[in-house]
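Trainee: Pasting in a structure now, in structure tokens, and then I'll have a few things to ask.
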């Protein structure tokens, strides 16, 4: 089969894999029932009962360790190809979920779900995204958007399935069932993934059609990348852009219930809306970035994020429509950063070492994943409202917007 056709099969397999590992962000569905189960095992009652917040360390660890395996797996991917890296990652992710079904304490959950699923996700995500981008030099933005969108779309599809399973067979059996299913799907799909030949160009495409800042670009390794001033501008922009999205993703349901006094059911719907627009933003921004350029798309996303945060800041009891509009805007913008940055990194530093380079760039996302939820948690605990958190996120969006102009100025030539 010709590569022009085979690359689409590889993309579909990568998207199916990303749909599985994106379930990492469905932790909120498991947190409360798992807290109840652990409380039963500990023999706790009354005020001593564990809550979802007591288990937040599990998700924090899972969200933080991804770059470790994205970088280490990226070295293997760039040298040998993605097949066995994805297979190993799928095995680790599946075993992590499966073992979580036997966890009897929070520390064990930190190891099984936090480290197992988090490290497995990092191995898989870096390979599927970057290999897909390499196969489509003619539409890097769009493909990066599609590949990352399925990862984000998992947060729409998996929670209701998991919730129904938890209600019928219990949370631990659900962990075990999903672990087995995801392991089989990921490890099987890994055999459809092939390494992109170095310098591959699809028929009828020439590099001259690329954006001006990626013409005649030298492939840089990670050592050369971190010596480039553009790297620090880019990683700071990623941190600023991801901060508000991750902050709100971690608190979307409580925000809906506390700010506009939504019911728990309606608040859950808002979480799905946020996840849906996150996925839409990844594809839309990836496509737009192929037309108007990565940095212009990023600047636009920062501008819209500020509008979304201002809209959110003005919400109060009963302003349901305004709240939904705000999280839809913020979700779209967060997805935009995640969809554009794989192609943006490849444009700037070349595709040859992009698995490692993007893994290092992804550290900006991981830092935002720690800072965003931590900042909003501390502010709400201290003040009882979210106002100051929205202001901080807005300031970071303004900073990111200014950095996009600095990047454009430095790369004008």
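All of the numbers you see were taken from the coordinates with simple rules; none came from a lab. All values derive from a computational prediction rather than experimental measurement. Here Cβ is always computed from backbone atoms with ideal geometry, including for glycine, and neighbour counts include all displayed protein chains.
Trainee: I'd like the orientation of helix 363-383 relative to the chain: the angle between its Cα long axis and the longest Cα principal axis, in ° from 0 to 90, rounded to 10.
Mentor: Here the helix axis deviates by roughly 30 degrees.
Trainee: Using label points projected 7 Å from each Cα along Cα→Cβ, tell me how many nm separate residue 388 and residue 269, to one decimal.
Mentor: The modelled label-to-label distance comes out at 3.4 nm.
Trainee: Now a separate question. In nanometres, what is the gap between the two model label sites at residue 5 and residue 169, each 7 Å from Cα along Cα-to-Cβ?
Mentor: Going by the 7 Å Cα→Cβ label model, 3.8 nm.
Trainee: Now for a different question. Cα axis of helix 3-21 to longest principal axis of the chain: angle in degrees, 0 to 90, nearest 10?
Mentor: It is inclined by approximately 20 degrees.
Trainee: Let me ask something additional. List the residues of segment 31-49 whose backbone N lies under 18 Å from a point placed 7 Å from the Cα of residue 111 along the Cα-to-Cβ direction.
Mentor: The answer is 38, 42, whose backbone nitrogens lie closer than 18 Å to the label point.
Trainee: Report the FRET efficiency, 1/(1 + (r/R0)^6), for residue 53 and residue 316, where r is their Cβ-Cβ distance and R0 is 22 Å, rounded to 0.05.
Mentor: On the way: r = 25 Å, r/R0 = 1.13.
The computed FRET efficiency comes out at 0.35.
Trainee: Moving to a separate point now. If I take R0 = 25 Å and measure r between the Cβ atoms of residue 177 and residue 375 in this structure, what FRET efficiency does the formula 1/(1 + (r/R0)^6) give, to the nearest 0.05?
Mentor: Calculated value: 0.10.
Trainee: Highest mean first, how do 339-350, 300-311, 131-142 rank when packing is the count of other Cβ atoms within 10 Å averaged over residues?
Mentor: Result, highest mean Cβ count within 10 Å first: 339-350, 131-142, 300-311.
Trainee: Which angle between 0 and 90 degrees, to the nearest 10, do you get for helix 140-169 versus the longest principal axis of the chain when only C-alpha atoms count?
Mentor: 20 degrees
Trainee: A further question on this structure: To the nearest 0.05, what FRET efficiency results for residue 91 and residue 138 with a Förster distance of 22 Å applied to their C-beta separation?
Mentor: About 0.10, to the nearest 0.05.
Trainee: Using only alpha carbon pairs under 8 Å that are at least six residues apart, calculate the relative contact order of the chain and give it in whole percent. If you can, show how the numbers build up before the last one.
Mentor: On the way: 741 pairs, mean separation 98.5, N = 413.
Contact order relative to length: 24 percent.
Trainee: Here's a follow-up. Please give the Cα centre distance for segment 33-57 versus segment 99-139, rounded to the nearest Å.
Mentor: First find each Cα centre; the distance between them is then 26 Å.
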